[in-house]
Amino acid sequence: MTDPRLIAIANLAAVVDGQSLDAVLASPAEGLSDQDRAFAAELSYGLCRWYRQLHAVIAARLKKPFRAKDRDLHFLLMLGAYQLLHGNTAAHAAISTSVDLTRRLKKDWAGKLVNAILRGIQREMDEADSPLRKQIGGDLSLRFAQPKWFVKAMQKAWPERVESVLEALQQRGPMTLRLNTRRQSRDEYLAELQQHGIQATTIQGVPSAVVLEHPMPVQQVPGFTQGLVSVQDAGAQLAGQLLDVRNGQRILDACAAPGGKTGHILELAEDLAVTAVDVDETRLQRVEENLQRLSSAAVLMAADAARPPQEWINQPFDRILVDAPCSATGVMRRHPDIRLLRRATDIETLSQRQASILDALWPCLRPGGKLLYATCSLMPQENHQQVGEFLERQGDARELTLPQTFGHECKHGRQTLPGEQTMDGFYYALLEKKHD
């Protein structure tokens, strides 16, 4: 299979069946040019990003659903609708290639149906009061292609900002770099980018962040292969800053994969003894690869952070980063398949897991030490409510005030919202262990 459109349909089917889009795209079809591979990925991301809207639009225009063996036709129609409603493909090309694909799927009988439905959508796009406009515009869940449970959660958590949050999650996140400012100043690096004809901006309050005006292949980014810069959202870069890393400290990075925050920690001070832990041994290899590129080193352990070894309690850490497993609802811009894979029932399970990790690692922090709790979630249960419950359980924990240079103040900690200051949605709370 070498047609990028058919590959995108197959990728969508794999995500609907429970695979992550990252995993699917990690095994690209053979025989594709770089251009076709990029086009297949763009279509795959778009289909996941707009899945719920596209699925509903097509379902409403079918007299009866396709049989299970013909679900690829439903996905094909969704692809055509995506190109019409959200893509850059000319309408006539989107429709004609969709009809052609019915033959590639050996389902010629569906050609006229595909043509009729897509032409109907094309006509309705230009009518202000069309059934299509009414269907999409009257329902936040359909307008922003999000599960109803998530829309309700955002209405409750961020009632004044719900539409801006949902709108931001439909956008593509910018390509943001993290500069090792101990090796080169930001001004020097910006001047170097300018010499290469690359436009970039900075973010106030995040001195390591450089936002590229246009994304580019990572290997072409000046300084990337030399370990001078890494690709990391500005919101994620806050973790290293907030952890208050000092020379010579012993630091635990729990749930460390893929290693972006581990690498950042090691760039912030000298003579650090960093232990990076992740429950997934395969993902831990990514940490090692990242650290090798950065010419940095840490002790890597495949282990469950909720079951720390006794030696960590006997020799407690100065700093602990708990980048907790979470719903990842704050990073849907970059991982649009989350809206297909995540369920409302997952939140309680994840909250329990987060609590068990926090409780297990707290004894591994020395008195006077600091623990930074972080998620890429927008859900209060995983964030300020989680921290509030932890503080009630742990009498020797006190919350430290975070700088007001980013995000929004919560009952505990601070939350960045997608799109603000170019960032994804991250939550942070800094806790200090009291001296006896």
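Things worth noting here:
- Straight-distance candidates among the aspartates and glutamates for linking to Lys433, with alpha-carbon spacing under 20 Å and chain neighbours fewer than 8 residues away dropped: Asp244, Asp253, Glu311, Asp318, Asp323, Asp359, Glu389, Glu392, Asp396, Glu399.
- With the helix formula -39500 (n - 2.57) applied to DSSP H stretches of n ≥ 4, the chain reaches a computed 222 nm mean residue ellipticity of -13000 deg cm²/dmol.
- Once the Cα-Cα distance is subtracted from the 0.36 nm per residue extended length, the Ser164 to Thr345 segment shows a gain of 62.7 nm.
- Environment charge of Arg339, counting only residues whose C-beta is closer than 10 Å and scoring Lys/Arg +1, Asp/Glu -1: +2
- Gaussian network model of the chain, Cα within-10 Å springs - most flexible of Ala29, Ala297, Ala324: Ala29
- In units of the rule-of-thumb radius 2.2 N^0.38 Å, the chain shows an alpha carbon radius of gyration of 1.06.
- Ignoring the sites themselves, the chain has its longest run without GluC sites (Glu not before Pro) in a DSSP loop having at most 14 other Cβ atoms within 10 Å at 271-436.
- Each semi-axis of the equivalent ellipsoid for segment 4-143 is √(5λ) with λ an eigenvalue of the Cα gyration tensor; in descending order they amount to 24, 17, 15 Å.
- Placing dummy labels 7 Å off each Cα toward the beta-carbon, the span from Thr405 to Ala303 is 3.4 nm.
- Efficiency of FRET between Gln292 and Leu62 - r from beta-carbon atoms, R0 41 angstrom, step 0.05: 0.20
- For trypsin sites (Lys or Arg not before Pro), the sites in segment 20-84 that DSSP calls loop and that have at most 16 other Cβ atoms within 10 Å are Lys63, Arg67.
- For Ser185 and Val231, the FRET efficiency from 1/(1 + (r/R0)^6), where r spans their Cβ atoms and R0 equals 22 Å, is about 0.65.
- Residues Arg366 and Arg398, FRET efficiency given R0 of 22 Å [Cβ-Cβ distance, rounded to 0.05]: 0.90
- Cα centroid of segment 230-305 to Cα centroid of segment 24-87, whole Å: 36 Å
- Normalised by 2.2 N^0.38 Å, where N is the number of residues, the C-alpha radius of gyration of segment 6-49 stands at 1.03.
FYI, it's all coordinate maths here, none of it is from the lab. Since the model is a prediction, treat every value here as computed from it, not as a measurement. Positions of Cβ are backbone-derived with ideal geometry, glycine not excepted, and every protein chain shown enters the neighbour counts.
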